[in-house]
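Before any comments, here is the structure.
The values are calculated or read from the model by the stated rules, or taken from the named source; none is laboratory data. These numbers come from a predicted model, not from an experiment. For neighbour counting, all protein chains shown are included, and Cβ atoms are generated from backbone atoms with ideal geometry for every residue, glycine included. These accessible areas exclude ligands, DNA and RNA; they are computed on the full protein's heavy atoms, side chains included. Shrake-Rupley method; radii C 1.70, N 1.55, O 1.52, S 1.80 Å.
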Amino acid sequence: MAKQDDIFKNVISHAKEYGYIFPSSEIYDGLSAVYDYAQNGVELKRNIREYWWKSMVQMHENIVGIDASIFMHPTTWKASGHVDAFNDPLIDNKDSKKRYRADVLIEDYCEKLYQKAQKEIEKAKKRFGEAFDEQEFITTNPRVVEYLAKKKAILERMAKGLDTGDLADVKALIEELEIADPDTGSKNWTEVRQFNLMFGTKLGASADSAMDLYLRPETAQGIFVNFLNVQKTGRMKIPFGIAQTGKAFRNEIVARQFIFRMREFEQMEMQFFVKPGEEMKYYEYWKDTRYKWHLSLGMGAENYRFHDHEKLAHYANAATDIEFNFPFGFKELEGIHSRTDFDLKAHEKFSGKKLQFFDNETNSSYVPYVVETSVGLDRMFLSVFSKSLVEETLEDGSTRTVLRLPSVLAPTKAAVLPLVKKDGLPELAQEIIEDLKWDFNVAYDEKDAVGRRYRRADALGTPFCITVDHQSLEDKTVTIRHRDTMKQDRVAIADLKSIIENEVSMKNWLKKML
Ligand code: GAP
């Protein structure tokens with residue numbers, strides 16, 4: 001655990017030191033669970049957003065994008081169920097005075113059971129080698145069966161308690177499992193209470209006429225209320241999707257994990273409208289497609305897993321999370337939900353307007369079903385950033401810190417370095433920048449010895465360093481150094497653009513999904 005904590009602390013300090021993420025309003029001691037993206041962070045975030053947008057909107061001719069407002073008519077949230085049901089169950093520890101989400105405490109307990117089962121599986125794998133049949137072992141080994149059955153029973157009981165509002169049983173479960181405050185070990189708990197996560201605000205100048213509004217807790221509702229506008233003006237035929245990226249706000253009870261759980265964050269969501277009865281087919285399609293998108297970034301398949309929901313949200317008939325192995329363990333990165341016709345029907349009811357698709361083939365109208373994919377942009381950032389940050393020991397025994405970001409997402413694609421600050425080398429380096437900057441973010445660096453500049457570029461995650469030396473003046477060649485292998489090649493200046501393009505183009509990376 002200490003090791004995990006150290007890795008995570010290192011991620012947070014690296015993000016600050018190298019201009020990726022700063023605490024918000026730091027000069028006033030910051031604001032809890034609110035962060036600012038710095039000069040490099042904003043580029044990485046922009047690139048992740050674009051990588052998502054291209055894969056969803058550009059690569060699917062039946063998906064279009066919108067950009068709806070953060071403020072919405074307040075009835076939206078009554079219809080969507082958020083006013084009544086967008087709650088988290090909270091529990092306080094009477095001794096430490098710390099507040100927790102009751103469901104997270106129980107889920108963390110279950111994760112430990114899962115890890116115990118995994119350990120048994122790993123041990124057996126080593127023992128039996130090639131002959132090992134994992135599926136058979138999982139279903140027959142008494143210990144594994146017991147761990148997994150216990151996990152399932154606990155999660156089912158929790159889901160029932162939360163669904164039926166039996167919060168006393170959720171507390172009873174915490175006590176029976178002897179779950180202690182993770183910080184202090186105390187088991188002295190309060191009752192479990194529900195807490196609505198929406199932030200309220202007011203619209204209007206005078207106190208009497210002001211209208212109560214909410215900051216949107218998800219971007220999805222901006223898509224639902226525009227369903228018919230987009231369908232008609234875009235002449236969209238079912239099945240089709242509407243994509244959107246944008247800010248969402250939640251008054252999170254527990255927000256202690258850097259940008260993993262923030263009070264202001266960004267979502268990348270897509271609602272796919274389908275014919276009722278076909279939702280499971282598209283649910284499977286989107287599970288597969290989104291999983292492949294994540295894998296295309298090269299973070300390693302072992303770092304992702306699916307987790308099907310035992311407790312379904314008020315709008316869903318099937319739901320799964322793509323979880324990622326963050327520095328603090330496997331946690332939700334993306335949600336894929338089959339939301340039925342819940343939202344459109346609710347908006348029909350509350351607005352009195354029809355939100356239906358007219359099917360020319362059957363000459364009839366229906367309310368479409370919806371399959372949603374919803375990924376947090378900040379969580380994507382954390383997943384990529386934390387897994388890319390590595391401390392390497394080199395052949396000569398020295399160490400280097402390298403941020404092995406997928407080059408397609410790296411904020412700066414190349415650093416151009418004159419070997420010395422004289423003899424016309426800075427001028428040639430600037431000429432190269434003038435040429436490359438039309439296509440890529442490139443940086444100039446002339447301070448310190450070239451070895452230190454390489455290390456700085458490695459820590460920043462810059463995939464290429466281009467070094468201009470005296471030979472460059474004579475034959476118009478430079479060395480290009482690759483961040484991950486540290487290999488250096490002598491290449492013509494005229495070839496730089498295509499070498500970089502080949503490595504960083506979104507097209508080449510997205511093709512890995514095929
Ligand atoms: N429209 C469905 C929806 O909002 P969700 O599972 O509540 O579903 C979707 O959120 C995604 O948004 C999550 O998988 C996560 O990546 C991100 N997310 C949710 N709450 C967040 C928070 N407080 N901070 C950062 N990201 C968050």
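Measuring nothing but how far apart in sequence close Cα pairs (under 8 Å, 6+ apart) lie, relative to its length, segment 324-417 scores a relative contact order of 24 percent. Rg and Dmax of segment 281-332, based on Cα coordinates, read 12.1, 34 Å.
Antiparallel beta bridges, as assigned by DSSP with both residues in segment 402-479, represent about 10 percent of the total such bridges. Taking every alpha-carbon pair within segment 453-514, the share separated by more than 19 Å comes to 40 percent. Find the centroid of the Cα atoms in segment 270-340 and in segment 442-504, then give the distance between the two in whole Å. The two parts, judged by their Cα centres, are 39 Å apart.
Based on alpha-carbon atoms, the Kirkwood radius and the radius of gyration of segment 164-284 give Rg/Rh equal to 1.10.
Taking every DSSP bridge with both residues inside the chain, close to 85 percent are antiparallel. Taking the helices alone, the chain has a mean residue ellipticity at 222 nm of -12000 deg cm²/dmol, built from -39,500 (n - 2.57) per DSSP H run of at least 4 residues and averaged over all its residues. Computed from the Cα positions only, the extents of segment 391-514 along the three principal axes stand at 47, 37, 21 Å, in decreasing order.
Sparsely packed loop sites in segment 1-95 (the GluC sites (Glu not before Pro) outside DSSP H, G, I, E and B with at most 11 other Cβ atoms within 10 Å) comprise 61. In order along segment 21-27, phi translates into HN-Hα couplings of 9, 10, x, 5, 6, 4, 5 Hz, rounded to whole numbers, per the Karplus curve 6.51 cos²θ - 1.76 cosθ + 1.60 with θ = phi - 60° and x for Gly and Pro. With point charges of +1 on the Cβ of Lys and Arg and -1 on the Cβ of Asp and Glu, referenced to the Cα centre of segment 56-153, which listed residue (144, 80, 64) lies farthest in the positive direction of the dipole? Farthest towards the positive pole: 144.
What's the long-distance tail for the chain, i.e. % of Cα pairs beyond 41 Å? Result for the distance tail: 31 percent. Annotation: per residue accessible area for segment 213-283 equals 34 Å², rounded to a whole number [probe 1.4 Å, protein chains only]. Global dimensions of segment 74-130 from alpha-carbon coordinates: Rg and Dmax equal 20.1, 60 Å. Using the Cβ of residue 272 as centre and a radius below 15 Å, the other residues enclosed give a net charge of -4, where K and R count +1 and D and E count -1. Projecting the Cα atoms of 286, 440, 14 onto the charge dipole of the chain (Cβ charges, centred on the Cα centre) puts 286 farthest toward the positive pole. Mean projected area of the Cα convex hull of segment 298-398, taken over all directions, amounts to 10.6 nm². When Rg and the Kirkwood Rh are both derived from Cα coordinates, the Rg/Rh ratio for segment 99-223 amounts to 1.20. The residues of segment 358-488 expose on average 44 square angstrom of accessible surface per residue, using a 1.4 Å probe on protein heavy atoms.
What's the carbon and sulfur percent of the chain's accessible surface, probe 1.4 angstrom, rounded to a whole number? Taking all protein chains in place, the chain shows 51 percent carbon and sulfur surface.
In the structure shown, do any of 151/202; 151/187; 123/507 have a Cα-Cα gap over 32 Å, and if so which? With Cα atoms farther than 32 Å apart: 151/202; 123/507.
Between the Cα long axis of helix 39-53 and the first principal axis of the chain there is an angle of about 60°, rounded to the nearest 10.
Summary value for the chain: 14 percent relative contact order, contacts being C-alpha pairs under 8 angstrom separated by 6+ residues.
Solvent-accessible surface of segment 1-90, taken per residue with a 1.4 Å probe and all protein chains present: 54 Å².
Annotation note: GluC sites (Glu not before Pro) in segment 309-404 located in DSSP loop regions with a Cβ neighbour count of at most 11 within 10 Å are 361, 395.
The residues packed around residue 336, meaning those with a beta-carbon under 15 Å from its beta-carbon, carry a net charge of -4 if Lys and Arg are +1 and Asp and Glu are -1. Over segment 162-320, Cα pairs under 8 Å with separation of 6+ residues give a relative contact order of 15 percent.
Of all lysines in the structure, those lying under 17 Å Cα to Cα from residue 387, and not within fewer than 8 positions of it along the same chain, are 3, 9, 16, 45, 331. At q = 0.15 Å⁻¹, what is the log10 ratio I(q)/I(0) for segment 1-147, with the Debye formula run over Cα points and no solvent? The computed values of log10 I(q)/I(0) come out as -1.22.
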